[in-house]
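For reference, the structure discussed in these notes is given below.
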Amino acid sequence: MSFASFEFLAFLAILTLVYFIVPKKVQWIVLLLGSVVFYAFAGLVSFFFLFFAIVISFITVQVLGKRHAALKKYLEDTKDTLTKDERKAYRAKHKNGSLLIVCIGILLLTLSLVYVKYLSGFSFKNGVSFGSGAISFGSTLLEVMGISYYTFISIGYMIDVYREKAAVEKNFFRHALFVSFFPQLAMGPISRYADTGEQLKTPHSFEAKEAWCGLLRILWGFFKKLVVADAIAPAIGAIVGKQLGGIYFILLCLFYSIRIYGDFTGGIDIVLGAAQILGIKLPENFNRPFSSKSTAEYWNRWHMTMGNWFTNYIFYPLSLTKTMQKLSKWGRAKLGVGVGKRLPVYTATIITWLATGLWHGIAWNFVVWGLLNGVVILISQELNPLYEKFRAKFPKLWNSAPYQSFMAIRTFLLMSLIRVFDCYCDVPLTFNRFFSIFYTFNIADIWNGGIMNIKVTATQYIIIAVGIVIMTAVSRLSIKRPLRETLWEKPILGNAVLALLCIAILVFGSYGLGFDASAFIYGGTFN
Amino acid sequence: MKKVIRIISFVCALLIVLGAVLYFGAVLQDARLDNREGHLLCGYYDTTDMHDVIFIGDCEVYEGFVPATLFEEYGITSYVRGSSQQTVWQSYHILEETLERETPKAVVFNVLALKYGETPLEEISRMSLEDMEWSGSKLEAIKASMTEEESLLSYFLPLLRYHSRWSDLDGDDFKYAFDKHQDITHQGYLMQTKIDPVDISDNRQPDDLLNVALPKRAIEYLDKMTALCKEKGVELILVKAPTNSIRYYWYPEWDAQMVDYAEKNGLVYYSLVGKDDEIGLDWSQDTYDKGLHLNVYGAEKFTSYFGKILAENHAIPDHRSDAELSAIWGARIDAYYKERNGEK
């Protein structure tokens with residue numbers, strides 16, 4: 001069941017009705033059953049993998065919880081008999097045991113993820129191809145809805161319990177709800193137990209404000225997805241399909257950025273809006289990413305829960321490993337203090353970004369995409385002192401609107417350029433088309449009608465442009481507080497906006513026959 | 001107070017959205033109905049007189065049988081209930097609603113559509129379905145015809161289907177959105193006056209027949225038609241109209257199945273493929289699209305030929321002596337000739 005469908009809206013309406021009618025004590029059961037029904041649409045195989053993740057994470061956190069309790073009790077009972085060193089040694093030994101358990105849990109879940117995403121189509125007959133496109137282990141991979149998301153949610157929870165940063169959920173079914181809460185299954189956000197664990201258990205009363213704001217947010221998500229993102233998609237397909245270069249490559253970068261922004265943030269708006277109607281506040285995944293002044297800032301604003309996950313569970317632990325410390329020591333001794341200091345951070349950054357790339361899919365374009373992001377972030381970091389000097393010398397210029405805009409546009413263009421690897425799924429071809437800018441620019445195609453031959457008509461361009469202007473305006477008006485909350489205070493205006501939004505989606509949206517609006521980029525490709 | 005304003009404005013917003021959905025749906029649906037073949041079924045609902053013969057089927061019916069000629073030559077009252085690529089399940093449900101309104105002496109069903117086991121084209125199918133008046137039969141026809149990508153809701157709210165046509169709108173679409181569609185047929189017959197002869201240099205041969213058996217689903221609906229006619233005491237006559245095209249080639253294997261079917265069910269089947277000389281068809285004059293369909297001159301010859309069969313073999317009465325009916329049909333025949341002679 002796609003979020004961008006009438007089926008989903010009908011499902012949500014029925015679930016909401018039942019959720020607020022039943023006694024508050026059993027609301028969480030309604031959510032669990034709703035998640036089961038939602039997931040049932042994805043098929044039995046999907047269900048099996050979800051169940052596996054739930055069971056493994058449940059067993060792991062139960063064992064960890066018991067070990068934590070046993071350690072606490074032991075230390076309490078022996079506080080007068082053991083010396084400080086003995087207590088420390090016992091704690092360390094105990095921690096190693098817990099580490100082993102959490103590692104087994106992580107390994108099992110990672111294996112299931114790796115199997116589904118990368119190995120399920122493996123056959124010795126097909127062999128392993130490391131060509132220019134996808135790294136292929138076979139022909140047909142299993143399609144398991146949301147496995148990347150619930151695997152990360154489960155792993156994050158196990159690590160948080162191991163670190164004693166999250167409570168152990170002892171009820172299997174409540175645990176199952178935390179892992180499988182339906183709105184976040186298809187495209188995130190990747191929530192932590194601290195975000196949703198308690199909320200999902202807590203009874204909720206119907207709040208008109210939450211319901212209205214949630215509804216408006218869902219409609220806003222539909223607008224971004226159907227009126228803007230999906231409307232520009234045919235042009236992207238045409239440019240990539242015909243392998244057009246020059247000015248078209250630049251258009252591709254811009255169009256794809258617009259598309260992925262509308263598609264992904266629109267999808268997340270639907271997810272968060274749906275949860276909000278039910279009284280559940282899921283973590284935000286975007287914070288005006290295209291206003292970022294640097295790559296690092298961009299990644300703090302784009303797909304935030306994924307960034308946090310990789311930072312918390314890969315980058316930091318990796319940076320603090322003994323190997324990294326040894327690497328740092330070796331670097332300081334052999335290559336100097338400056339290099340030695342940077343070596344672990346750089347290595348961890350590159351590994352983290354490589355992992356991020358591979359999480360998106362096992363293809364060379366994702367590998368290059370991940371590495372490029374890491375490299376650009378590291379270069380930016382190295383250039384930081386230079387920027388600071390410039391800032392100190394020209395504070396007025398630095399803070400001026402044109403210079404701030406320049407930085408935002410520069411970051412946007414840079415990220416658009418890196419992102420374009422997704423489009424071709426072919427690294428050499430992407431470079432080839434990029435270099436075509438320098439020998440066949442063909443800028444005249446902008447005004448001689450060439451851009452009308454890429455499956456988007458003049459009127460559609462106008463609608464998309466108006467959509468982008470509206471998206472930008474809403475983004476700016478939501479800096480201090482979400483616009484929907486402001487509109488809630490002005491009911492006549494708010495409901496007029498709601499009606500206009502509905503009409504705009506129904507008339508101008510790309511849905512129904514002739515359109516493929518069902519697939520979200522992050523909900524489909526990156527299962 | 002604010003709460004009241006909030007509720008009222010929310011309800012108003014919903015009503016505005018509903019109104020817009022209905023209004024834009026009607027406008028956009030109408031924008032696609034510039035096609036003449038989207039108005040073939042609607043005229044029937046305005047007729048008040050009864051008919052002795054009802055023709056059911058696809059293009060070979062609504063461009064092959066001329067009720068005006070039938071009355072003029074044989075005094076047979078008839079109506080053509082056909083639409084573009086009308087499938088057997090659509091024909092069944094159209095027959096169902098027709099037999100709710102009247103009980104003709106005979107129903108003539110053209111068997112060409114039996115070659116389809118699935119709805120061939122969504123947009124054509126929808127064109128026929130949307131031309132039907134709302135009834136249980138229409139709902140069932142929709143359900144039977146819907147392709148996998150379609151939603152039932154879009155038949156109630158056409159905006160969901162036609163919204164992408166907003167860029168094709170012109171002023172007239174807004175002006176005439178809610179006007180009743182004019183009947184452009186002559187008792188269901190769609191007149192084609194153009195002459196575009198068969199290309200004799202085209203020596204294409206029909207493709208090899210991969211599945212000899214006609215689709216099971218099509219036969220099931222033919223069974224239903226047979227049962228319905230028996231239940232209502234109406235004679236069902238099967239016919240295969242003449243054609244001279246590869247596209248609508250009627251394989252001898254299919255013909256044999258029809259002969260068997262008719263025999264098993266006690267029906268009469270007239271296969272008129274290859275009987276051009278008997279009918280008097282001249283494919284250099286009697287087709288408007290290189291032999292795919294008959295033009296008005298070919299249709300008149302074919303109707304004249306088939307009218308004789310109806311009168312002689314099926315005892316369909318001659319009403320020409322009935323003053324009231326003659327007056328009604330006289331007006332219809334005048335209108336028919338006006339268009340035929342280019343006066344309309």
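The values are calculated or read from the model by the stated rules, or taken from the named source; none is laboratory data. Since the structure is predicted, the reported quantities are computational estimates derived from the model, not experimental observations. Reconstructed Cβ throughout: ideal geometry from the backbone, glycine too, with neighbour counts over all protein chains shown.
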- Which one is nearest to A:Asn308 (Cα to Cα) among residues in segment A:254-285 that are surrounded by fewer than 21 Cβ atoms within 10 Å (Cβ to Cβ) and among the hydrophobic types (A, V, I, L, M, F, W, C)? A:Ile260
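Each row is one residue, and each column tells you yes or no for (1) among the acidic types (Asp, Glu); (2) within 20 Å of A:Ala473 (Cβ to Cβ).
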position: A:Glu207; (1), (2): yes, no
position: A:Phe222; (1), (2): no, yes
position: A:Ala229; (1), (2): no, yes
position: A:Gly246; (1), (2): no, no
position: A:Pro283; (1), (2): no, no
- Task: Check segment A:476-491 and report whether any residue there is of a type in the set (Lys, Arg), out of contact with any Phe, Trp or Tyr (no Cβ under 7 Å at 6 or more places or on another chain) and within 11 Å of chain B (Cβ to nearest Cβ).
- Result: yes
- Single condition B:Tyr23 does not satisfy, out of (1) more than 30 Å from A:Trp488 (Cβ to Cβ); (2) in contact (Cβ under 8 Å) with a residue 24 or more places away in the chain: (1)
- Return only the number of the condition from (1) at pLDDT 95 or above; (2) away from chain B (no Cβ under 14 Å) that A:Ala499 does not satisfy. (2)
- Those helices (runs of 4 or more DSSP H) completely within segment A:1-100 that have 2 or more residues that are in contact with a Ser or Thr (Cβ under 8 Å, 6 or more places away or on another chain) and within 14 Å of chain B (Cβ to nearest Cβ) are A:6-21
- Tell me which residues, restricted to segment A:454-472, are more than 14 Å from every other protein chain (Cβ to nearest Cβ) and closer than 18 Å to A:Lys225 by Cβ. A:Ala465, A:Gly467, A:Ile468, A:Val469, A:Ile470, A:Met471, A:Thr472
- Report the residue count in segment A:446-469 for those that are assigned to a helix (DSSP H, G or I), under 19 Å from A:Ser416 (Cβ atoms) and at pLDDT 80 or above. 6
- Report yes if B:Arg81 is charged (D, E, K, R), under 22 Å from B:Arg217 (Cβ atoms) and in contact with a Phe, Trp or Tyr (Cβ under 7 Å, 6 or more places away or on another chain), otherwise no. yes
- Message: Residues to consider are B:Ile184, B:Ile219, B:Ile195, B:Ile237; find the one that is under 24 Å from the mean Cα position of the chain (by Cα), farther than 30 Å from B:Tyr336 by Cα and more than 14 Å from every other protein chain (Cβ to nearest Cβ).
- Response: B:Ile219
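Name the one entry in A:Thr356, A:Thr411 that is among the polar types (S, T, N, Q) and in contact (Cβ under 8 Å) with a residue 60 or more places away in the chain.
Step by step, each of A:Thr356, A:Thr411 is checked, and only A:Thr411 is among the polar types (S, T, N, Q) and in contact (Cβ under 8 Å) with a residue 60 or more places away in the chain.
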- Task: With the checklist (1) in a helix (DSSP H, G or I); (2) under 23 Å from the mean Cα position of the chain (by Cα) in hand, flag the one item A:Arg481 doesn't pass.
- Result: (1)
- Task: Scan segment A:333-346 and give yes if some residue there is within 25 Å of A:Cys423 (Cα to Cα) and among the aromatic types (Phe, Trp, Tyr), otherwise no.
- Result: no
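The rows are residues; the columns are (1) crowded, with 19+ Cβ neighbours inside 10 Å; (2) at pLDDT 95 or above; (3) in a strand (DSSP E or B).
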residue	(1), (2), (3)
B:Ala177	no, no, no
B:Arg204	no, no, no
B:Asp208	no, no, no
B:Leu214	yes, no, no
B:Cys229	yes, yes, no
B:Asp255	no, no, no
B:Gly274	no, no, no
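Does A:Leu113 satisfy the criteria of being closer than 24 Å to A:Glu143 by Cα, in a helix (DSSP H, G or I) and not β-branched (Val, Ile, Thr)?
Considered against the rule, which asks whether it is closer than 24 Å to A:Glu143 by Cα, in a helix (DSSP H, G or I) and not β-branched (Val, Ile, Thr), A:Leu113 comes out as yes.
Would you check if A:Ile451 is within 20 Å of A:Arg259 (Cβ to Cβ), within 14 Å of chain B (Cβ to nearest Cβ), in contact (Cβ under 8 Å) with a residue 12 or more places away in the chain and out of contact with any Leu (no Cβ under 6 Å at 6 or more places or on another chain)?
Numbers: within 20 Å of A:Arg259 (Cβ to Cβ): yes; within 14 Å of chain B (Cβ to nearest Cβ): no; in contact (Cβ under 8 Å) with a residue 12 or more places away in the chain: yes; out of contact with any Leu (no Cβ under 6 Å at 6 or more places or on another chain): yes.
Considered against the rule, which asks whether it is within 20 Å of A:Arg259 (Cβ to Cβ), within 14 Å of chain B (Cβ to nearest Cβ), in contact (Cβ under 8 Å) with a residue 12 or more places away in the chain and out of contact with any Leu (no Cβ under 6 Å at 6 or more places or on another chain), A:Ile451 comes out as no.
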